[in-house]
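Data first, discussion second: the structure below is written as structure tokens.
The values are calculated or read from the model by the stated rules, or taken from the named source; none is laboratory data. What you see is a predicted model; the values in this text were computed from it and never measured. Here the Cβ positions follow ideal geometry from the backbone for every residue, glycine too, while neighbour counts run over all protein chains shown. Heavy atoms of the whole protein, side chains included, go into the accessibility calculation; ligands, DNA and RNA do not. Shrake-Rupley method; radii C 1.70, N 1.55, O 1.52, S 1.80 Å.
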Amino acid sequence: MATFNYQDSEFTAWKKIQYKDGIVKVDFMDGDGHLITVKGGEIPHPDFRTKFGQLKSFIDIIINSVTNITEPICLSYPDNGKLQITARIRTNYAGAEIKTEILDYSDIQEWDFGHDEATGESKLLKLCKEINTEAHAYIFKNKTAQTEIESPELKHDGMDGARAILKIADQITDTVMNQN
């Protein structure tokens, strides 16, 4: 379960939001200055995955990438007003994880990443805020990709999707045959 049993009001700041190999792991500071690490076990909501994936275009610009694949895997906040992005890059012949330099918000605001027309805020900084919001919803509000299925015969029993559909079809067939 992704929800962390913690008083939401004690959350003060993100330190790191990592999305690697389908697992979300976050580090945040609580009100007493303790670093808390939480690793989610559920697939995050598509809103989170989409926002996190949008970091790719900014990483490609920052590192001047011509790689075949750039995959954002971590957004960290090493200090107030600063961020760092980690990405996994792959080419035809090699792969590596790289980190951007620590980026200052004021520098990012001046870069030509585009700006939100309504607020004038950098699109990268706006995206980081949206990722923070989605990570908060995932960790504290249980916003995951899986919705609860109330019908007991449709609950996940460890079978893959195809076998689960066949089981449901068999139940329907048995019901119809018993009525005849």
Practice problem: Name the single residue, out of those in segment 22-78 being in contact with a Leu (Cβ under 8 Å, 6 or more places away or on another chain) and part of a loop (DSSP other than H, G, I, E, B), that is farthest from ASP112 (Cα to Cα). | Solution: TYR77
Quiz item: ASN92 versus (1) within 24 Å of LYS20 (Cβ to Cβ); (2) open to solvent by less than 60 Å² (accessible area, probe 1.4 Å): which is the lone unmet condition?
Solution: (2)
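Taking the residues in segment 109-131 that are assigned to a helix (DSSP H, G or I) and open to solvent by 90 Å² or more (accessible area, probe 1.4 Å) as candidates, determine which candidate is farthest from LYS51 (Cα to Cα).
First pass over segment 109-131, keeping only residues assigned to a helix (DSSP H, G or I): 109-110, 123-131.
If we keep only those that are open to solvent by 90 Å² or more (accessible area, probe 1.4 Å) as well, we get 110, 123, 129.
Details: GLU110: 22, LYS123: 12, LYS129: 10 Å.
Checked segment 109-131; the qualifying residue farthest from LYS51 (Cα to Cα) is GLU110.
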Practice problem: Could you tell me whether GLU134 is crowded, with 19+ Cβ neighbours inside 10 Å and of a type outside the set (Ser, Thr, Tyr)? | Solution: yes
Quiz item: Out of curiosity, is PHE58 under 18 Å from the mean Cα position of the chain (by Cα) and at pLDDT 85 or above?
Solution: yes
Practice problem: Among the numbered conditions (1) more than 25 Å from THR12 (Cα to Cα); (2) under 20 Å from the mean Cα position of the chain (by Cα), tell me where THR100 comes up short. | Solution: (1)
Quiz item: What are the residue pairs meeting all of these: first residue in segment 95-108, first residue assigned to a strand (DSSP E or B), second residue among the basic types (Lys, Arg), Cβ atoms under 6 Å, and 6 or more apart or on different chains?
Solution: GLU97/ARG88; ASP104/LYS82
Quiz item: Could you list, in sequence order, the residues of segment 70-84 that are in contact (Cβ under 8 Å) with a residue 24 or more places away in the chain and farther than 20 Å from THR133 by Cβ?
Solution: PRO78
Quiz item: Does ALA87 count as hydrophobic (A, V, I, L, M, F, W, C), in contact (Cβ under 8 Å) with a residue 12 or more places away in the chain, surrounded by fewer than 15 Cβ atoms within 10 Å (Cβ to Cβ) and not in a helix (DSSP H, G or I)?
Solution: no
Exercise. For ILE98, state whether it is within 14 Å of TYR19 (Cα to Cα) and modelled with pLDDT of 85 or more.
Key: no
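Can you tell me which residue in segment 1-53 is nearest to LYS123 (Cα to Cα), limited to those that are among the aromatic types (Phe, Trp, Tyr) and modelled with pLDDT of 80 or more?
Ranking the qualifying residues of segment 1-53, first place goes to PHE52.
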